[in-house]
Amino acid sequence: MCGIVGAVASRNVTAILVEGLMRLEYRGYDSAGLAVIDTENNLQIRKAVGKVKGLVDNLDTNPASGSVGIAHTRWATHGKPTEKNAHPHQSNDIAVVHNGIIENHAELRQALKNQGYVFVSETDTEVIAHQIHALVNNGLSLLEATQQAVALFEGAYAIAVVNTKFPDELIACRSGSPLVLGLGIEENFVASDQMALRQVTDRFVFLEEGDFVHLERKKFSIFNGDKELVERKVVQLTDKAEAASKGEYRHYMLKEIFEQPEVLKRTLQGRISKHHVLEEAFGTEAKAIFDRVKGVQIVACGTSYHAGLVAKYWMESIANIPCQVEVASEYRYRKVFVPKDTLFVTISQSGETADTLAALKEAKKSDYLASLVICNAPSSSLVRESDLVFMTHAGPEIGVASTKAFTTQLVALQLLTIALGRRQGLSESVESDMVSALASLPEAVSKALLLDDVIKKTSEAFADKHHALFLGRGVEYPVAMEGALKLKEISYIHAESYPAGELKHGPLALVDSDMPIVAVAPNNELMEKLKSNLEEVQARGGKLFVFSDQADAFPNSDDVTVIDVHSVPETIAPMVYTIPLQLLSYHVAIVKGTDVDQPRNLAKSVTVE
Ligand code: G6P
């Protein structure tokens, strides 16, 4: 998704801006650009369609330097990914970069056209540039002009502006999209994600909704709205800013898949004792809140939503607590019924997903007991705005397709299930069994990773396919959904998931010898049922790929490939069976030659709705 970097320094900031953009590349984008104010007080703007590398090549041919500048990676929303539509957008001596969407851009565009402004792009952002220019022309300072312009905008956005009339300043603001200030020594920065600035500073100010910042080399001021000067806490980040490197791996995604045994240990560390879940893991106020919880509402998007769906099975069957799960983009616009004493839970690897954030804001207006976020990004908006926080500690996930974030979310949700279940009569012995199963999870995942070679071979059978079906039953159904999502995200094969019992209500019509069918089939009370469903598929010539710990239970024929997963306790099977499905999608993408880490049209952090 779009990324912003800005800098006000004494040195040339071009390299800092480019490095910042590179650090945001993982978020997904389709063009890049920057603007600096040069020593002769001219705006130098460079852009490129495609990767930041293209911008670097452009800068090699047409160098641009300056000590004040802004930069952007764009993920197209209004208008195709072309150089004209790439940011920064210019209005005479003003340059603007913008994340998010200005919803009322069409009427503003018309009004500005009536004032004589000529538009060169199809973007909503160009409206911002001209609007600010019109106000500066009326004699306002850059800060005042930005404040007054923003008052006209509807939507969600983060904006950074420079103007050669005010060559030592940068103005930035946020409303609905994240923005962080990075503090250096006699230089200051702004970015949509602190990751972009970790090479220049470890001191940050996380701007709040409605904040404007007036940035100069030696000082900065923050205003909330157009008047009030506010103080915001400076946060010194102490994490090691784990440099995003692929190490020995060919792709970030593969590295992140293989990191899972280690990161799962981290998620569990300090959260379980030998027999119990330590609920301090959910924050100091968790105990009092959990004592009152009678129901759970989970809201999330994408892979995180699938984690929520798995949790619903656990909550209702293990914790004996009603649980609803909904995608955030639906939840936020729906009138909801909130049963008494319901805990509102969001799940998000990035902590910045616009729909999930908006859902949380809506939920805060309702009668929920409290909000809890399960998140992988410290200091993110969801973390800051939730009552209780559970950090998954998966470390930075760079591959757009979520892997380690998902399995760590599942662990968090299972800990929550146990903590809530305890209050609803979950026995000590069941808790103890579940906790020891969780403790064995890193080892079980390491074993599942040994399937890599077998799965690599299996993946070849998918290379020329256009469609695939993923089947599961019970708690393994959302695992199958996640498997299908992974495959479509990175191999571009159309993949559908179905609860296997629904096959004969439609999808069976699609089954022929050209349709690979993946089944998630650990030994549990539904395995026999699933087997019958698979026989129906086989009878129609479908090619089956069965992941099971009961290899002997499935016929060994040319049409059936059984991938032998080792037996694990039922409560951790969803995490363990996720691993071979991740590997399958990875290897299919490799065979197909797609861009594994940055699949087309997708973004890591979706900060627009
Ligand atoms: C994007 C990412 C997915 C992620 C989803 C929700 O689509 O590409 O990997 O699952 O957003 O993101 P969140 O950060 O809220 O988990």
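How much of the DSSP beta bridge set in the chain is antiparallel, as a percent to the nearest 5? Write down the numbers at each step before the final one.
Working: 62 of 103 bridges.
That works out to approximately 60 percent antiparallel.
Our helix-only sum for the chain, with -39,500 (n - 2.57) per DSSP H run of n ≥ 4 divided by its residues, gives a mean residue ellipticity at 222 nm of -10500 deg cm²/dmol. Dipole orientation for the chain: of the candidates Gln297, Gln199, Gln550, Gln199 has the Cα lying most toward the positive pole (charges on Cβ; Lys, Arg +1; Asp, Glu -1).
When a footprinting reagent is the concern and you count Cβ atoms within 10 Å, what order do Asp387, Asp453 take, fewest first? List each step's numbers first, then the result.
Details: Asp387 17, Asp453 10.
Arranged by neighbour count, lowest to highest, Asp387, Asp453 become Asp453, Asp387.
Mean separation of Cα pairs under 8 Å and 6 or more residues apart, divided by the residue count, gives the range 443-609 a relative contact order of 30 percent.
Treating only the Cβ of Lys, Arg, Asp and Glu as charged (+1, +1, -1, -1), what charge dipole size does the range 2-242 show about its Cα centre? Round to the nearest 20 debye.
Working: 23 positive and 31 negative charges, 70 e Å.
For this selection, approximately 340 debye.
The listed peptides 443-452, 460-469, 399-408, ordered by packing as a protection proxy, come out as 399-408, 443-452, 460-469 (highest mean of other Cβ atoms within 10 Å first). For the range 99-166, the gyration tensor built on C-alpha atoms gives an oblate shape. Its axis ratio a/c (a ≥ b ≥ c) is at least 1.5, and a/b is not larger than b/c. Compared with the direct C-alpha span, the chain from Phe119 to His566 gains 154.8 nm at full extension, assuming 0.36 nm per residue.
Going down the list Lys488/Lys604; Lys51/Lys604; Lys312/Lys543, which pairs span over 19 Å between their C-alpha atoms? Walk me through the numbers on the way to the answer.
Working: Lys488/Lys604 15 Å; Lys51/Lys604 15 Å; Lys312/Lys543 31 Å.
From Lys488/Lys604; Lys51/Lys604; Lys312/Lys543, over 19 Å: Lys312/Lys543.
Working from label points 7 Å from Cα in the Cα-to-Cβ sense, the Lys335 to Ser429 distance is 5.0 nm. The range 220-289 and the range 401-454 have their alpha-carbon centroids 19 Å apart. Listing Tyr477, Tyr26, Tyr333 from fewest to most neighbouring C-beta atoms within 10 Å gives Tyr333, Tyr26, Tyr477. Spatially, the range 32-60 and the range 113-162 are offset by 21 Å when compared through their Cα centroids.
Sorted by mean Cβ packing within 10 Å, highest first, what order do the peptides 133-142, 340-349, 308-317 take? Don't skip to the end; give the middle numbers.
Details: 133-142: 17.0, 340-349: 25.5, 308-317: 21.6.
Per-residue Cβ counts within 10 Å, averaged per peptide and sorted highest first, yield 340-349, 308-317, 133-142.
Based on the alpha-carbon gyration tensor of the range 213-296 and its eigenvalue square roots a ≥ b ≥ c, which shape applies: rounded if a/c is under 1.5, prolate if not and a/b is larger than b/c, or oblate? List each step's numbers first, then the result.
Numbers: a/c = 2.93, a/b = 1.25, b/c = 2.34.
Oblate is the answer for the range 213-296, as a/c is 1.5 or above yet b/c matches or exceeds a/b.
Projecting the Cα atoms of Thr284, Val520, Leu143 onto the charge dipole of the chain, computed from C-beta unit charges around the Cα centre, puts Leu143 farthest toward the positive end.
Based on Cα contacts under 8 Å between residues 6+ apart, the range 262-418 shows a relative contact order of 27 percent.
Taking Cα centre as origin and charging only the Cβ of basic (Lys, Arg, +1) and acidic (Asp, Glu, -1) residues, the dipole magnitude of the range 443-609 rounds to 320 debye. Extension gain for Asn42 to Asn523 (0.36 nm times residue separation, less C-alpha to C-alpha distance): 166.3 nm. Assuming charge only on the beta carbon of Lys and Arg (+1) and of Asp and Glu (-1), the dipole of the chain about its Cα centre is about 460 debye to the nearest 20. Between the Cα long axis of helix 428-439 and the first principal axis of the chain there is an angle of about 60°, rounded to the nearest 10. The residue among Ile579, Gly541, Val591 whose Cα reaches farthest toward the positive pole of the charge dipole of the range 537-606, with charges on the beta-carbon of Lys, Arg, Asp and Glu, is Val591. Sequence-distant contacts, meaning Cα pairs under 8 Å at least 6 residues apart, place the relative contact order of the range 375-497 at 15 percent. Extension gain, Ser221 to Glu209, is 2.8 nm, computed as 0.36 nm per intervening residue step minus the present C-alpha separation.
Read-outs throughout are calculated quantities, based only on the coordinates presented, and are distinct from any laboratory measurement. It should be emphasised that the depicted structure is a prediction, and the values quoted were computed from it without experimental measurement. Note that each Cβ is placed from the backbone with ideal geometry, even for glycine, and that neighbours are counted across all protein chains shown.
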